[in-house]
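The values are calculated or read from the model by the stated rules, or taken from the named source; none is laboratory data. In this text the structure is predicted, and so the values were computed from the model without any measurement. Virtual Cβ from ideal backbone geometry, glycine too; neighbours counted across all protein chains shown.
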Protein chains: 2
Amino acid sequence: MAAQRITIRDVARAAGVSTTTVSDALSGRGRMNEETRERVRATAEQLGYVASAAARNLRLGRSGTIGVYLPNQTVGYDYYTYLSRGAAQEALGHGYALTMIPPWDDAAQLRALHLDALIVSDPSTNDPVMPILRGLPVPMVTCEPDLADGADPAAVIRIDHARSVRNLLRHLRSQGARRIAALTPPTDTGFGVELRESLAVPDVELYDVGFAFVPDELTESMHQVLADRPDAILCTPDGAAAMAMDLLPGQVRVPEDMLFAAYTDTPGLALARPSVTAVDLQPALTGALAVRAALRALGQDLPRGPRRVATELRVRESSTRRR
Amino acid sequence: MAAQRITIRDVARAAGVSTTTVSDALSGRGRMNEETRERVRATAEQLGYVASAAARNLRLGRSGTIGVYLPNQTVGYDYYTYLSRGAAQEALGHGYALTMIPPWDDAAQLRALHLDALIVSDPSTNDPVMPILRGLPVPMVTCEPDLADGADPAAVIRIDHARSVRNLLRHLRSQGARRIAALTPPTDTGFGVELRESLAVPDVELYDVGFAFVPDELTESMHQVLADRPDAILCTPDGAAAMAMDLLPGQVRVPEDMLFAAYTDTPGLALARPSVTAVDLQPALTGALAVRAALRALGQDLPRGPRRVATELRVRESSTRRR
DNA sequence: CTGTTAGCGCTTTCAG
DNA sequence: CTGAAAGCGCTAACAG
């Protein structure tokens with residue numbers, strides 16, 4: 001607690017230089033004698049000096065904080081956990097703190113946080129908090145496009161769903177799939193819309209299921225699906241896959257009688273019996289890219305990331321024909 | 001972005017008072033004419049004034065930020081998601097930001113965040129990051145006790161496992177259980193230790209399974225369990241329950257032939273077939289209490305929370321004898 | 001190449 | 001009950 005008492009002046013005094021020199025030496029700014037810089041660094045280290053974030057932020061007119069919005073519906077979906085962790089890590093590496101923004105409708109309190117930027121993953125047009133967040137005087141980075149009217153994010157991180165879906169379908173076909181049933185998410189988010197577009201091909205039949213699926217609805221959907229006698233099922237909503245597989249009647253074996261795949265990969269899918277083929281959407285990378293885009297929007301000179309996040313197909317037992 | 005240009009002096013000028021008065025009026029400090037206060041408030045609101053967090057933090061010698069450590073092994077466990085959200089919400093309500101601390105071994109960078117306090121849920125004695133976090137000059141609040149030597153948290157939020165287990169066992173017995181097999185978590189955390197202690201009763205047999213369970217190990221454990229012919233299984237590790245139930249041989253029906261319960265409740269357990277009895281450990285409340293304890297440690301005058309977090313038994317199909 | 005100085009916006013004595 | 005002024009610790013102009 002008392003550790004914070006050491007200021008830049010203490011270091012300056014101890015090193016026999018001015019505060020400017022200390023500041024420059026530690027931040028790598030300015031052109032100065034390399035040995036002075038090293039000496040200052042050593043002194044600072046030795047004294048246990050840690051620059052005050054508050055003072056720096058005040059001086060620089062920022063808060064050093066990036067917010068990540070975590071809507072209620074994201075609870076239970078590992079995707080968001082990984083995304084936030086990836087974002088937190090990247091932010092920390094750049095000296096920024098990643099702050100969790102729970103659903104919160106008091107705009108004043110959100111403004112008081114004085115975020116430098118805001119990250120939102122897959123915003124829903126139905127989310128009542130989103131308009132409040134959009135109203136904050138802060139650059140917003142979305143992962144997946146924001147479909148709302150007048151949405152105007154500073155940057156959008158796009159995931160390459162078109163390619164992911166193509167690869168996954170190609171794989172299923174290679175294992176003999178001819179009629180693929182796809183359980184699809186709602187269209188109130190960029191993810192949902194893009195996914196449906198990608199799935200609009202002749203041998204795929206779409207079946208609506210909610211994002212926050214309810215067992216009875218899912219049961220219903222599965223009945224419909226099975227009635228149409230597909231030879232492969234692609235279960236898109238994150239988290240629904242295990243349950244959907246459980247809902248298959250006992251006589252329908254996976255993968256012998258029915259190929260099965262999920263879309264969003266999750267550790268549980270690798271552990272399921274049989275293990276479930278899915279697409280690793282690289283959420284941690286997505287989060288990291290979102291932070292970088294945010295920092296770019298704040299004027300930092302960082303290399304531009306890839307245009308689209310590349311995904312990885314994880315082929316597992318549920319879609320592999322045994323010989 | 002330009003919104004932040006309005007300072008306390010602008011408000012003071014507009015309201016025809018001094019900056020002190022504005023500060024006092026908005027923070028509710030000082031004894032002043034109520035109508036002056038109201039006028040100042042109105043002016044501030046009208047100008048869209050938002051106090052600069054950086055300036056306030058600098059003045060007050062704090063950062064306005066509480067960190068929550070999210071170890072790797074927590075990914076995929078809803079418990080931590082709820083805990084962090086509860087904490088974030090409580091923090092936001094008190095004007096603090098909750099920052100995610102990913103596993104990170106650079107102490108300097110962590111120190112640079114200049115956290116006011118740190119929250120850790122169920123610290124493991126095997127976690128290499130914990131010593132670094134303990135070394136931070138910051139009060140630490142743990143949820144569950146920290147078992148490590150020399151650990152000295154500012155506060156500990158305790159969950160009432162003894163009572164939870166007692167209630168759960170009583171329920172199982174009331175449904176006819178006489179020999180209960182309990183799959184228990186490792187003892188490197190306070191949770192694991194306390195749980196085992198609570199389960200040390202004659203009609204309960206303990207079976208070790210890891211926290212981050214592996215399917216093969218779990219299969220192995222289940223074989224052992226079944227060989228001992230229990231009439232009820234209590235699966236403690238968060239997330240393992242659904243898988244454990246799947247591993248029961250087909251002829252063992254739940255709940256007819258075997259009662260089944262989990263410990264840490266999770267939305268998936270309510271959706272499983274059959275739905276699984278479990279204990280709602282109130283993670284969001286735990287997170288909120290942790291934040292309050294942290295703020296108390298920082299000198300804020302908040303009411304002391306309950307000595308132990310009270311839990312709720314959620315009885316579902318898997319442990320209900322049908323008639 | 002380094003030092004002095006001003007000031008970011010707030011809260012808090014201390015006078016009036 | 002209200003105002004003036006100092007100063008939290010830092011960085012960016014500007015001098016030297």
Could you check A:Asp106 against (1) touching an Asp or Glu at 6+ places or on another chain (Cβ under 7 Å); (2) closer than 30 Å to B:Gly86 by Cβ; (3) surrounded by fewer than 19 Cβ atoms within 10 Å (Cβ to Cβ) and say which number it fails? (1)
Within the stretch A:52-71, of all residues that are at the interface with chain B (Cβ under 7 Å from one of its Cβ atoms) and among the hydrophobic types (A, V, I, L, M, F, W, C), the one farthest from DNA strand C (Cβ to nearest atom) is A:Leu70
Quick check on this structure: which one of A:Pro128, A:Pro137 is surrounded by fewer than 15 Cβ atoms within 10 Å (Cβ to Cβ) and at pLDDT below 95? A:Pro137
The stretch A:72-81, subset at the interface with chain B (Cβ under 7 Å from one of its Cβ atoms) and not charged (D, E, K, R), residue farthest from A:Gly239 (Cα to Cα): A:Thr81
Any residue that is more than 11 Å from chain B (Cβ to nearest Cβ) and either within 16 Å of DNA strand D (Cβ to nearest atom) or surrounded by fewer than 22 Cβ atoms within 10 Å (Cβ to Cβ) (or both) - is there at least one of those in the stretch A:83-100? no
Which residue, of B:Leu168, B:Leu218, is assigned to a helix (DSSP H, G or I), touching a residue at least 24 places away in the same chain (Cβ under 8 Å), under 21 Å from B:Gly268 (Cβ atoms) and under 22 Å from the mean Cα position of the chain (by Cα)? B:Leu168
If B:Ile66 satisfies all but one of (1) outside any loop (DSSP other than H, G, I, E, B); (2) in contact with a helix residue (DSSP H, G or I) (Cβ under 8 Å, 6 or more places away or on another chain); (3) modelled with pLDDT under 90, what's the number of the condition it fails? (3)
Hits in the stretch A:104-121 (condition: in a loop (DSSP other than H, G, I, E, B) and modelled with pLDDT of 95 or more): A:Leu115, A:Asp116
If I filter the stretch A:10-32 for residues that are within 14 Å of chain B (Cβ to nearest Cβ), within 10 Å of DNA strand D (Cβ to nearest atom) and surrounded by 20 or more Cβ atoms within 10 Å (Cβ to Cβ), do I get at least one hit? no
State whether one or more residues within the stretch B:151-164 are in contact with a Pro (Cβ under 6 Å, 6 or more places away or on another chain), within 14 Å of chain A (Cβ to nearest Cβ) and either of a type in the set (Val, Ile, Thr) or surrounded by 21 or more Cβ atoms within 10 Å (Cβ to Cβ) (or both). no
Being out of contact with any helix residue (DSSP H, G or I) (no Cβ under 9 Å at 6 or more places or on another chain) and not aromatic (Phe, Trp, Tyr) narrows B:Arg158, B:Arg111, B:Arg163, B:Arg134 down to just B:Arg134
Just to be sure before I move on: is A:Arg13 assigned to a loop (DSSP other than H, G, I, E, B), within 13 Å of DNA strand C (Cβ to nearest atom), of a type in the set (D, E, K, R) and at pLDDT below 90 in the structure I sent? no
